[in-house]
1. For the peptides 462-474, 293-305, what is the packing order when you average, over each peptide's residues, the other Cβ atoms within 10 Å and list the highest mean first?
2. Please list, in order along region 160-177, the HN-Hα scalar couplings obtained from phi with the Karplus expression 6.51 cos²θ - 1.76 cosθ + 1.60 (θ = phi - 60°), rounded to whole Hz, x for Gly and Pro.
3. Ranked highest first by average number of other Cβ atoms within 10 Å, how do 411-420, 334-343 line up?
4. At a Förster radius of 25 Å, what calculated FRET efficiency corresponds to the Cβ-Cβ distance of residue 189 and residue 146, to the nearest 0.05?
5. Count the lysine pairs in the chain whose Cα atoms lie under 27 Å apart, taking only pairs 8 or more positions apart in sequence or on different chains.
6. Taking the Cα centre of region 193-277 as origin and charging only Cβ (+1 Lys, Arg; -1 Asp, Glu), how large is the dipole, in debye to the nearest 20?
7. Taking the Cα atoms of the chain, report the difference between the largest and smallest coordinate on each principal axis, in whole Å and largest first.
8. With r defined as the distance between the Cβ atoms of residue 226 and residue 66 and R0 fixed at 45 Å, what FRET efficiency is calculated, to the nearest 0.05?
Amino acid sequence: MPTLTDIAEEIRLAARALGEFGAGLFNPTVRLGVTGLSGAGKTVFITALVHQLLHGGRLPVFEAQSGGRIARARLEPQPDDAVPRFDYEAHLRALTEERRWPESTTRISELRLVIEYQSARGARNRTLTLDIVDYPGEWLLDLPLLTASYAQWSADTLKLSRVGPRAALAAAWHRHLAALDPSAPEDEQAAREATRLFTDYLKACRNERYAMRLLPPGRFLMPGDLAGSPALTFAPLELPDGEAPAGSLWAMMERRYEAYKNVVVRPFYREHFARLDRQIVLVDALAAFNAGPEAVRDLEGALASILASFRTGSASIVSALFRPRVDRILFAATKADHLHHANHDRLERFLARTTERAIERAKFSGAGIDVVALAAVRATREATVARGRDKLPAIIGTPLAGETVGREGFDGATEVASFPGDLPDDLASLFERDGFTGLTAATDTDFRFLRFRPPLTEPGATGAPTLPHIRLDRALQFLLGDRLA
Ligand SMILES: Nc1nc2c(ncn2[C@@H]2O[C@H](COP(=O)(O)OP(=O)(O)OP(=O)(O)O)[C@@H](O)[C@H]2O)c(=O)[nH]1
Ligand SMILES: [Mg+2]
């Protein structure tokens, strides 16, 4: 039964949708969502994209720019008063002046860019307003909760925690769980302890060793202002069939789970997600490879779950009015500059395959989907280095200060040639338990885990620093090409 508040909220959202539609007629706007799990490369991607558009960077595949049809791009104040502005200037300064990667960001942020261009046919001058929204991918994994009851979510989460390497990570939490009686009277301390152990388990899954990412509730890992509130103090329970007895621990957890959906998930969905037109999902596939097949399969699960939230046909998630209107989704494997270019196509094929499997799993249809392997900021160059009689393909970059290989430590100022090794030809082996144990190393002293500093930049035609990239132009062409035709 919708309450009066629900109805008022529906009217507000309908009015907003209508207003945005009207404004869009005179002033075409694209809202581009940029997401990806923590560390996937969102901040670097947005900074590089904006910089390339503002300063006419070299983007051969992006037709509007390479064809000289973009007259000018400029930043404007962004329209959502309650959303922090994406701090483009600070991130760019970090990258180009200090040659360090920007700080990790844990909140949503937004930036508006206005592009003046000429249409591909006539000489008519037009403008396209591009609103870029950066939000944590962890939050997106929460959307499936909207259609799951507490009992369902409990059962699914417990089931997942009992298989593979997750089982060991969940041991302490499982022990606590075994001692809990869901039908016992509600108990704040028991709820807090269960939440603490459950959150520890989620964090352990996320750590680099497993790099596992299929982990709702997202705010347990990125709580923001809500840390410690009841809406974030619940955990799955081992439940019998039937209803929660009044006043029980079970009822308490169920109530809080529903509160989480109401105060966290739904507002995000309505205020941000449902208003997006285009979406790029950044994926750190290399981190998953390094962690092994469990992580690779987890990645596939995460992509399926993300796709499910974009399923346009599903009226079950929210009422039709708030269906996402996203019509193009790009999955991008980031940091491709860690691999020699001979491997970029393989990386792309891997992502295409994972995405296909995810599409099947999520029974997805609706939006156009593409994949790309890219580096928003290319930190390495390529070279061929002689090793004895062999000539090996190498990448050259400046490792971050403190990075080490064996006993050798780096000072953050010295360039090295490294031999990143190859992705396997047989992509299926990446998913199999014993099929894949890391990139096939080219030498014993392979430096494939090194992280590099951003590149040394030179001023371009406008005097602004030029940022090298890999296939950023392909991403832009897919995301914006038709809107600038
Ligand atoms: N070599 C290389 N490294 C990159 C690139 N993009 C991102 N990285 C690395 O990945 C790290 C994370 O990138 P961010 O852009 O901060 O990732 P994010 O998704 O915004 O992460 P959070 O803000 O923590 O959610 C950076 O600190 C870099 O070390 C790239 O194009 N090339
Ligand atoms: Mg960020």
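1. Ranking, from highest mean packing down: 293-305, 462-474.
2. 4, 6, 9, 10, x, x, 5, 4, 5, 5, 8, 3, 5, 5, 4, 4, 4, 4
3. The peptides rank, most packed first, as 334-343, 411-420.
4. Efficiency at R0 = 25 Å is approximately 0.25.
5. 11
6. Computed about the Cα centre, the dipole is about 340 debye.
7. Sorted from largest, the Cα extents of the chain read 70, 61, 38 Å.
8. Calculated value: 0.50.
A short reminder: the numbers here are calculations on the coordinates, not readings from a lab. These numbers were taken from a predicted model, which means no experiment stands behind them. Counting neighbours? That spans all protein chains shown, and the Cβs are built from the backbone with ideal geometry, glycine included.
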